[in-house]
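Single-structure report; data block below.
The values are calculated or read from the model by the stated rules, or taken from the named source; none is laboratory data. Bear in mind the structure is a predicted one, so any value in this text is a computation, not a measurement. Ideal geometry is used to build each Cβ from the backbone, glycine not excepted, and the neighbour counts take in all protein chains shown.
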Amino acid sequence: MRDGSRIEAWWRPAATSSATSPAPAVLVFHGNGELIDDGLEFSDAWHALGVSVLLVEYRGYGRSEGVPGLTACQSDAVEWYDRLAAEPGVRTDFIVSYGYSLGGIFAAEVAAQRPVAAIALESTVSSLRQAARDRGVWLLFTHERFDLEAILHALPPAKPVLITHGSADEVVPFHHFNKLVAARPTALAIAGTHAHLPLAIQSQTKLLRTLLDAVPSHPQLPSAK
């Protein structure tokens, strides 16, 4: 990275992408108790739609150097976007920022600083302070501030946003979903009865297609599986 730290990422370009025929791409931020090694299901779901995938790791996680911290990881997230946008086979006007659980923080930070085409937030928190008050989760970040509601408020009105959550979520209480939807009433908001899992990745991949279709001038993509 720019500060010299070595941070891991996995790149899976779409089968049809090239410098002369660039494809949409998604920047994927995983959950707190995961590594990018657990991200093949995320990659497969997007790849089936003809979308290139960049799975990124957090500093201090897995084989990546450094110490986890909100400011550093937010900076890394934006840098990953810049690297992705520089890829010859990527449509710079069609980069999606996706975050599951803790990853929603970094997906939203990218959307706040860069012109992403769409944002997907699954089972994520409305703010770190609220999450810490709830159950003491995000132990690595509880002393730092982050307000996803404010970011959603500030996004351009036409920006497509997907928000999913389960009422049986034992990690991030369901009231976070209500706060996020209130902050972004135009979002494609899907509530289920599931626990802490990425709904659009694991069982309702049609939601990913719906999100992509909401992007102006979207390309012809394969049908969701």
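Criterion first (in a helix (DSSP H, G or I) and either more than 25 Å from residue 92 (Cβ to Cβ) or at pLDDT below 95 (or both)) does residue 182 satisfy it?
Values: in a helix (DSSP H, G or I): yes; either more than 25 Å from residue 92 (Cβ to Cβ) or at pLDDT below 95 (or both): yes.
For residue 182, the condition - in a helix (DSSP H, G or I) and either more than 25 Å from residue 92 (Cβ to Cβ) or at pLDDT below 95 (or both) - is met.
Can you find even one residue in the range 6-16 that is among the hydroxyl-bearing types (Ser, Thr, Tyr) and either free of Cβ contacts under 8 Å to residues at least 24 places away in the same chain or closer than 18 Å to residue 80 by Cα (or both)? If you could, list the steps in order and put the result at the bottom.
Of all residues in the range 6-16, those among the hydroxyl-bearing types (Ser, Thr, Tyr) come to 16.
This time we only want the ones that are either free of Cβ contacts under 8 Å to residues at least 24 places away in the same chain or closer than 18 Å to residue 80 by Cα (or both), so: none.
No: the range 6-16 contains no residue that is among the hydroxyl-bearing types (Ser, Thr, Tyr) and either free of Cβ contacts under 8 Å to residues at least 24 places away in the same chain or closer than 18 Å to residue 80 by Cα (or both).
Cβ-Cβ below 9 Å, separation at least six or inter-chain, first residue in the range 30-48 and part of a helix (DSSP H, G or I), second acidic (Asp, Glu): which pairs?
Listed pairs, sorted by first residue: 36/8; 36/57.
Do you know which of the residues in the range 81-100 that are in contact with a Phe, Trp or Tyr (Cβ under 9 Å, 6 or more places away or on another chain) and within 22 Å of residue 38 (Cβ to Cβ) is surrounded by the most Cβ atoms within 10 Å (Cβ to Cβ)?
Looking only at the range 81-100, we keep the residues that are in contact with a Phe, Trp or Tyr (Cβ under 9 Å, 6 or more places away or on another chain), and these are 84, 87, 95-100.
Pick out the ones that are also within 22 Å of residue 38 (Cβ to Cβ) and you get 84, 96-100.
Working: 84: 23, 96: 26, 97: 29, 98: 32, 99: 28, 100: 27.
Per the criteria, the residue is 98.
Name every residue in the range 206-225 that is modelled with pLDDT of 50 or more and either closer than 13 Å to residue 45 by Cβ or part of a helix (DSSP H, G or I) (or both), in order of residue number.
Within the range 206-225, the subset modelled with pLDDT of 50 or more is 206-221.
Scanning the range 206-225 gives 206, 207, 208, 209, 210, 211, 212, 213, 221.
Restricting to the range 81-112, and then to whatever is part of a helix (DSSP H, G or I), within 12 Å of the chain's Cα centre (by Cα) and among the hydrophobic types (A, V, I, L, M, F, W, C), can you tell me which residue is modelled with the lowest pLDDT?
First, pick out the residues of the range 81-112 that are part of a helix (DSSP H, G or I): 81-85, 103-112.
Checking which are within 12 Å of the chain's Cα centre (by Cα) leaves us with 81, 103-111.
Add one more test, that the residue is among the hydrophobic types (A, V, I, L, M, F, W, C), and what stays is 105-108, 110-111.
Working: 105: 90, 106: 93, 107: 96, 108: 94, 110: 96, 111: 96.
Applying the filter and picking the extreme gives 105.
Assess whether residue 24 counts as being crowded, with 16+ Cβ neighbours inside 10 Å, within 22 Å of residue 108 (Cα to Cα), more than 13 Å from the chain's Cα centre (by Cα) and not charged (D, E, K, R).
On the way: crowded, with 16+ Cβ neighbours inside 10 Å: yes; within 22 Å of residue 108 (Cα to Cα): yes; more than 13 Å from the chain's Cα centre (by Cα): yes; not charged (D, E, K, R): yes.
Against the criterion (crowded, with 16+ Cβ neighbours inside 10 Å, within 22 Å of residue 108 (Cα to Cα), more than 13 Å from the chain's Cα centre (by Cα) and not charged (D, E, K, R)), residue 24 qualifies.
Please tell me if residue 191 is at pLDDT 95 or above, surrounded by fewer than 17 Cβ atoms within 10 Å (Cβ to Cβ), touching a strand residue (DSSP E or B) at 6+ places or on another chain (Cβ under 9 Å) and in a loop (DSSP other than H, G, I, E, B).
Working: at pLDDT 95 or above: yes; surrounded by fewer than 17 Cβ atoms within 10 Å (Cβ to Cβ): yes; touching a strand residue (DSSP E or B) at 6+ places or on another chain (Cβ under 9 Å): yes; in a loop (DSSP other than H, G, I, E, B): no.
Considered against the rule, which asks whether it is at pLDDT 95 or above, surrounded by fewer than 17 Cβ atoms within 10 Å (Cβ to Cβ), touching a strand residue (DSSP E or B) at 6+ places or on another chain (Cβ under 9 Å) and in a loop (DSSP other than H, G, I, E, B), residue 191 comes out as no.
Can you tell me which of (1) of a type in the set (D, E, K, R); (2) at pLDDT below 90; (3) out of contact with any strand residue (DSSP E or B) (no Cβ under 6 Å at 6 or more places or on another chain) is the one residue 147 doesn't meet?
It is condition (3) that residue 147 fails.
Could you grab me the full set of residues in the range 24-40 that are modelled with pLDDT of 90 or more and closer than 14 Å to residue 11 by Cα?
Within the range 24-40, 24, 25, 26, 27, 28, 29, 36, 37 meet the criteria.
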